[in-house]
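Student: Have a look at this one before I ask anything.
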């Protein structure tokens with residue numbers, strides 16, 4: 001348990017089929033690192049939301065997965081990057097129900113609630129990078145809004 | 001473009017290779033007929049393999065004739081494109097990797113090159129080298145052509161399987177008078193969910209169903225898009241007078257839906273398919289009674 005083999009990867013996100021690949025990779029990587037079933041499902045769902053954003057709003061990009069170690073806890077960090085139009089108002093994009101497309105507007109904010117750490121970097125015309133990390137053996141982060 | 005560009009006249013390397021291929025057509029085809037690549041497809045008789053070999057040599061000579069030795073799309077290849085694709089496919093079915101098939105194709109060159117060198121043994125060294133290079137380029141183009149064909153075959157197969165998957169994965173099952181169920185399996189992307197919605201709505205009309213159960217036990221991930229598809233299906237069924245029940249929500253999925261912030265409030269949900277059926281039967285005024293124990297236990 002907890003070896004980098006099969007966890008670290010860089011996957012392209014360019015089509016619906018790639019989304020399936022991303023989900024399968026994240027599920028496998030999370031299982032390899034010892035995440036429980038609930039945490040696996042949360043991570044896969046977050047990855048699915050973020051990868052779809054990369055595809056639909058960013059016009060495609062990549063997902064990079066890394067294995068982190070902190071004491072006895074293993075972390076899985078997923079970085080989604082695209083070179084799309086970027087996000088002008090990040091606060092607005094993170095709020096539930098906001099969408100510039102046809103979705104429910106739950107993806108970005110929902111993904112943030114499914115992981116331990118969430119960081120987003122974006123500017124109009126400069127693309128978007130979302131980095132999420134979850135750790136094994138840590139309780140879900142306290143819920144501020146809910 | 002004129003038929004004969006400057007460098008294909010007799011004596012130039014390309015012209016020389018063309019004349020050589022035409023002159024030694026029979027011999028080359030005889031040699032190739034014994035290669036596994038040809039033997040695997042033309043199993044009935046050796047003559048058939050020889051004929052196939054001749055067709056390939058003719059195509060190569062034709063391509064050399066118009067001076068397009070580096071162009072896998074040259075019209076000269078058209079007559080043998082199908083045949084080459086079948087050969088590569090047959091070798092793949094025989095358990096060879098793409099790399100090994102490519103290796104076998106590369107194996108077609110050395111015997112031809114030896115014949116060419118033999119024929120040119122009195123020619124100046126520089127001319128011989130130029131001719132050998134031209135032949136190598138030409139055979140390399142043939143390899144590219146076969147790999148292209150093999151890859152597009154693979155893509156066509158994937159597309160067919162994708163369509164098949166869409167059809168078979170959405171059966172609508174009649175559970176009781178007025179109750180239908182759809183066990184959803186696998187990824188629920190936009191195309192699949194469209195198929196699900198259509199087949200379900202048709203079944204609602206056909207079976208005069210009052211209740212439709214969508215079982216998501218086999219759906220590995222429920223994200224906001226999948227939820228959106230489910231809600232749309234539920235709304236559409238409702239418009240047709242059928243109430244939808246979503247069943248098969250596993251604990252991990254339930255927690256994820258809550259954290260994601262999805263509101264399935266307007267949808268009737270049950271943990272298992274049996275619970276959903278029990279609910280629907282109850283609503284229809286029917287029920288299942290257990291006759292072996294106390295006989296009054298209604299779900």
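The values are calculated or read from the model by the stated rules, or taken from the named source; none is laboratory data. Remember, it's a predicted structure, so these values are computed and weren't measured experimentally. Cβ coordinates were reconstructed from backbone atoms using ideal geometry, including for glycine residues, and neighbour counts include every protein chain displayed.
Student: Can you find even one residue in the range A:68-89 that is outside any loop (DSSP other than H, G, I, E, B), under 14 Å from residue A:136 (Cβ atoms) and touching a helix residue (DSSP H, G or I) at 6+ places or on another chain (Cβ under 8 Å)?
Tutor: We begin by selecting, within the range A:68-89, every residue outside any loop (DSSP other than H, G, I, E, B); these are A:68-70, A:73-82.
Then drop every residue that is not under 14 Å from residue A:136 (Cβ atoms), which leaves A:68-70, A:73-77.
In the following step, the residues that additionally are touching a helix residue (DSSP H, G or I) at 6+ places or on another chain (Cβ under 8 Å) were identified as A:76.
So far as the range A:68-89 goes, yes, one or more of its residues are outside any loop (DSSP other than H, G, I, E, B), under 14 Å from residue A:136 (Cβ atoms) and touching a helix residue (DSSP H, G or I) at 6+ places or on another chain (Cβ under 8 Å).
Student: How do the helices (runs of 4 or more DSSP H) wholly within the range B:75-144 filter down when requiring 1 or more residues that are in the same structural domain as residue B:26 (by TED's automatic domain parsing) and closer than 15 Å to residue B:61 by Cβ: which remain? Lay out the reasoning, then the answer.
Tutor: Working: elements: B:78-93, B:98-106, B:109-119.
The helices (runs of 4 or more DSSP H) meeting that bar are B:78-93, B:109-119.
Student: Given the options B:286, B:280, B:237, name the one that is assigned to a helix (DSSP H, G or I), more than 14 Å from chain A (Cβ to nearest Cβ) and in contact (Cβ under 8 Å) with a residue 40 or more places away in the chain. Walk me through it before giving the result.
Tutor: Numbers: B:286 fails: assigned to a helix (DSSP H, G or I); B:237 fails: in contact (Cβ under 8 Å) with a residue 40 or more places away in the chain.
Checking each option against the conditions leaves just B:280.
Student: Another question, then. Which condition number in (1) touching a strand residue (DSSP E or B) at 6+ places or on another chain (Cβ under 9 Å); (2) more than 14 Å from chain A (Cβ to nearest Cβ) is the one that residue B:198 fails?
Tutor: The single condition residue B:198 does not satisfy is (1).
One line per residue, one yes/no per condition, for (1) surrounded by fewer than 17 Cβ atoms within 10 Å (Cβ to Cβ); (2) in contact with a strand residue (DSSP E or B) (Cβ under 8 Å, 6 or more places away or on another chain):
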position: A:26; (1), (2): no, yes
position: A:30; (1), (2): no, yes
position: A:37; (1), (2): yes, no
position: A:46; (1), (2): no, yes
position: A:64; (1), (2): yes, yes
position: A:71; (1), (2): yes, no
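Student: Moving to a separate point now. So, of the residues in the range B:208-221 that are touching a strand residue (DSSP E or B) at 6+ places or on another chain (Cβ under 8 Å) and modelled with pLDDT under 90, which turns out to be farthest from the other protein chains (Cβ to nearest Cβ)? It would help to see each step written out before you state the result.
Tutor: At the first step, the residues of the range B:208-221 found to be touching a strand residue (DSSP E or B) at 6+ places or on another chain (Cβ under 8 Å) are B:209-219.
Going one step further and asking which of them are modelled with pLDDT under 90, we end up with B:218-219.
On the way: B:218: 14, B:219: 11 Å.
Here the residue is B:218.
Student: To continue, here is another question. Tell me, which residue of the range B:246-276 that is in contact with a helix residue (DSSP H, G or I) (Cβ under 6 Å, 6 or more places away or on another chain) and within 12 Å of chain A (Cβ to nearest Cβ) is nearest to residue A:42 (Cα to Cα)?
Tutor: Of everything passing the filter in the range B:246-276, B:256 is nearest to residue A:42 (Cα to Cα).
Student: Same structure again: Please go through the range B:136-151 and pick out each residue that is within 12 Å of residue B:98 (Cβ to Cβ), surrounded by fewer than 17 Cβ atoms within 10 Å (Cβ to Cβ) and in contact (Cβ under 8 Å) with a residue 60 or more places away in the chain.
Tutor: The one that is within 12 Å of residue B:98 (Cβ to Cβ), surrounded by fewer than 17 Cβ atoms within 10 Å (Cβ to Cβ) and in contact (Cβ under 8 Å) with a residue 60 or more places away in the chain: B:148.
Student: Which number in (1) in the same structural domain as residue B:60 (by TED's automatic domain parsing); (2) in contact (Cβ under 8 Å) with a residue 12 or more places away in the chain; (3) in contact with a helix residue (DSSP H, G or I) (Cβ under 7 Å, 6 or more places away or on another chain) marks the one condition that residue B:201 misses?
Tutor: The one condition residue B:201 does not meet is (1).
Student: Run down A:137, A:109, A:127 and say which single residue is farther than 22 Å from residue A:64 by Cβ, at pLDDT 85 or above and either more than 14 Å from chain B (Cβ to nearest Cβ) or buried (at least 18 other Cβ atoms within 10 Å of the Cβ) (or both).
Tutor: Numbers: A:137 fails: at pLDDT 85 or above; A:127 fails: farther than 22 Å from residue A:64 by Cβ.
Answer to the check: A:109.
Student: Would you be able to tell me the number of residues in the range A:19-55 that are over 22 Å from residue B:260 (Cα atoms) and part of a helix (DSSP H, G or I)?
Tutor: 1
Student: Among the numbered conditions (1) within 13 Å of chain B (Cβ to nearest Cβ); (2) closer than 21 Å to residue B:262 by Cβ, tell me where residue A:100 comes up short.
Tutor: (1)
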